[in-house]
Amino acid sequence: MRPASSFLQSYLSKDQLIINHFLSSIFKAFKSNQGGLVEVKMRQSYSWLFNVILISFVLLKNVKYGSAGITSTFIRSEWPSIDIPLDNEAFAVPEGHNAPQQVHITQGDYNGKAVIISWVTVDEPGSSKAQYGTSENKYDFSVEGTMTNYTFYKYKSGYIHQCLIDGLEYDTKYYYKIGSGDASREFWFQTPPKIDPDASYKFGIIGDLGQTYNSLSTLKHYMQSGGQTVLFVGDLSYADRYQYNDVGIRWDSWGRFVEQSAAYQPWIWSAGNHEIEYMPEMVKS
């Protein structure tokens with residue numbers, strides 16, 4: 001028999017003996033009724049099965065040392081749920097000419113000492129500068145970002161700005177300001193603790209959010225959980241369920257929708273199948 005690993009065997013020596021005794025009994029009973037060729041195959045299956053069960057024992061024994069389990073009594077309402085109308089306050093456009101909207105941040109490096117701030121202006125390009133500091137209403141630093149936009153069918157996006165802020169301190173609250181004049185807006189974020197095996201940090205995992213009434217319930221529930229960063233596992237806005245210009249419009253509404261959380265803590269993204277959008281079918285001439 002080939003052992004799984006020395007670490008697993010030393011960690012679960014008693015459990016290993018139990019599994020070993022159990023599988024040996026099965027093997028001997030089977031062997032007494034089978035030929036030599038089958039015995040060789042049985043030994044291979046025995047070794048594989050032993051490794052699977054041993055690893056399962058490791059995972060199950062460690063559950064009691066973690067914090068997994070029921071975290072609240074929250075139950076989301078029954079599916080299906082309809083999309084929130086565009087005139088709902090959940091999608092409210094910020095006041096002021098060319099005010100930044102759809103503000104969100106994500107982690108800007110591997111170590112947690114940088115963030116990328118993104119936002120959209122609609123009326124005109126405006127400034128791509130972000131000001132920041134460690135005191136509210138006092139911005140000692142600034143950084144200049146980039147701006148781009150795109151078209152999809154006949155939809156034309158707003159002006160999309162991005163700024164990288166790096167060289168940050170661990171476990172520190174930063175305030176930042178974007179936009180100009182009376183239409184400027186202010187937010188804040190907290191950097192993670194210094195990397196350490198014993199550092200405490202709470203992640204939220206969200207996927208398939210969309211922009212329904214259930215989506216709003218889920219987002220509000222997460223914001224009350226004390227999560228510090230979202231790991232988003234794909235399928236963001238579900239704008240792909242729409243056609244023509246409505247695809248881009250529903251991306252904009254979703255950006256304003258998640259701003260209430262995503263402007264204040266990193267959301268780290270991965271793409272899903274609902275991020276694939278197709279051009280409307282063209283009529284053949």
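Here LYS202 is the anchor, and the aspartates and glutamates within straight C-alpha reach of less than 14 Å, apart from those fewer than 8 places off in the same chain, are ASP171. The residues neighbouring TRP188, those whose beta-carbon lies less than 13 Å from its own, together hold a net charge of +2 under the Lys/Arg +1, Asp/Glu -1 convention. Computed from point charges on the beta carbon alone (+1 for Lys and Arg, -1 for Asp and Glu), the dipole magnitude for the range 159-285 about its Cα centre is near 260 Debye.
Work out, step by step, the length gained on full extension between TYR264 and VAL143: first 0.36 nm times the residue separation, then minus their alpha carbon distance; give nm to one decimal.
On the way: separation 121, 0.36 × 121 = 43.56 nm, distance 1.82 nm.
Length difference between fully extended and current span is 41.7 nm.
Does the range 182-222 come out rounded, prolate or oblate, given a ≥ b ≥ c as the square roots of the eigenvalues of its C-alpha gyration tensor, rounded meaning a/c under 1.5 and, failing that, prolate meaning a/b above b/c? Verdict is oblate for the range 182-222. An ellipsoid equivalent to the range 158-277, defined through the eigenvalues of its Cα gyration tensor, has semi-axes of 27, 20, 13 Å when rounded to whole angstrom and sorted largest first. Compared with the direct C-alpha span, the chain from TYR170 to ASP196 gains 8.2 nm at full extension, assuming 0.36 nm per residue.
Highest mean first, what order results for 137-144, 256-263 on Cβ atoms within 10 Å?
Numbers: 137-144: 11.9, 256-263: 20.4.
Output ranking for 137-144, 256-263: 256-263, 137-144.
Placing pseudo-labels 7 Å out from each Cα toward the beta carbon at ARG241 and TYR278 gives an inter-label distance of 1.8 nm.
Throughout, read-outs are computed from the coordinates displayed, never taken from laboratory work. Owing to the predicted nature of the structure, the values given are computational and were not obtained by experimental measurement. Reconstructed Cβ throughout: ideal geometry from the backbone, glycine too, with neighbour counts over all protein chains shown.
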